[in-house]
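Contents: one structure, followed by commentary.
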Amino acid sequence: MTEKRSPDQDALIDRILHLWRADAETLPSEPRLAELTGASRNSVREALIRLEERGYVHRTQGARTSPNRRLPGIGRRIDEQFDHSLSIRSAGYEPTLEVVSADRLALTPGAHRYDDLPDGTEVLRTRKMWRVDGAPYALAEDLVPLTRPADLDPHRPVFDLAEEANGIRVAWETLWIDAIALDAERAGILDAEPGTPVIEMTYCGYGADDAIGYWSREVQLPAPAGLRNALIRRVRS
């Protein structure tokens with residue numbers, strides 16, 4: 001499950017990460033970080049707590065804050081919000097986003113459903129494929145409930161589409177991961193053989209009041225170097 005941060009907190013965390021990249025051994029003390037970033041001691045302390053929760057740093061009472069030096073080489077973190085095109089480009093490849101289909105429909109019962117939206121919910125359903133240097137890589141199907149009139153661009157990230165289509169500012173995502181055999185329909189889009197083993201990730205994005213902003217289902221073909229999915233979890237403080 002990923003949680004969004006406020007813009008001010010984002011900016012402070014980004015400044016601290018910039019300082020970390022400039023000195024990969026240790027980070028300055030809290031007073032020094034406050035001086036360098038122009039933030040209060042309390043804001044810096046909160047940012048460091050967030051960074052420790054996310055696996056960026058390790059803090060020990062009475063010792064300097066140490067950065068996680070394995071981070072640059074781990075690949076894409078599935079415990080954080082990401083954009084495929086940015087991830088592909090940052091790994092040194094050329095991304096291409098293709099909207100395979102985009103239509104408005106009312107959900108009907110069936111075994112094909114992977115969401116928990118009520119039957120009859122009107123949604124925007126998009127299917128998007130990302131290519132890496134021209135080769136198929138990932139295919140996502142998004143279901144965005146429609147509760148307000150909007151001229152929606154299916155190329156936009158699902159987070160933005162949810163806010164435009166139903167007014168929900170997504171606060172969290174819950175993610176389920178399964179190993180499956182690729183079905184014939186998605187195999188055809190990805191130029192792959194039916195039955196190919198793939199990882200399927202199903203996401204639910206919802207607001208602070210538990211209202212659903214979107215459901216999404218994604219499969220990925222074996223990734224080239226630098227695009228491996230990674231998860232960092234904290235073991236001990």
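The values are calculated or read from the model by the stated rules, or taken from the named source; none is laboratory data. Just so it is clear, the structure is predicted and the values come from calculations on it, not from any experiment. Surface areas here come from the heavy atoms of the whole protein model, side chains and all, with no ligands, DNA or RNA. Shrake-Rupley method; radii C 1.70, N 1.55, O 1.52, S 1.80 Å.
Over the chain, what percent of the accessible surface lies on carbon and sulfur atoms, probe 1.4 Å? Intermediate values should be presented prior to the final figure.
Working: 6380 of 12970 Å².
Accessible surface attributable to carbon and sulfur in the chain totals 49 percent.
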> Given H placed on each backbone N at 1.01 Å, which residues far from residue 121 in sequence or on other chains put an amide H within less than 5 Å of it?
Replying inline: 107
> Ignoring ligands, DNA and RNA, what accessible area per residue does the chain give at 1.4 Å, in Å²?
Replying inline: 55 Å²
>> Taking 8 Å as the Cα distance limit and 6 or more residues as the minimum spacing, I'd like the relative contact order of the range 76-228 as a percentage.
In response: 21 percent
>> Give me the mean projected area, in nm² to one decimal, of the convex hull enclosing the Cα positions of the range 194-237.
In response: 6.0 nm²
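Step by step: find N for the range 104-237, compute 2.2 N^0.38 Å, then divide the Cα radius of gyration by it. What's the final number?
Numbers: Rg = 16.0 Å, N = 134, 2.2 N^0.38 = 14.1 Å.
The range 104-237 yields a ratio of 1.13.
Which whole-number percent is the relative contact order of the range 181-237 (Cα, under 8 Å, 6+ apart)? Working shown, then result.
Working: 54 pairs, mean separation 13.4, N = 57.
Answer for the range 181-237 is 23 percent.
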> Once amide H atoms are built 1.01 Å from N in the peptide plane, which residues 5 or more positions from residue 100, or in another chain, come under 5 Å H to H?
Replying inline: 127, 128, 129
> Given q = 0.12 Å⁻¹, what are the Debye log10 I(q)/I(0) values for the chain, with equal point scatterers placed on the Cα positions and solvent ignored?
Replying inline: -0.79
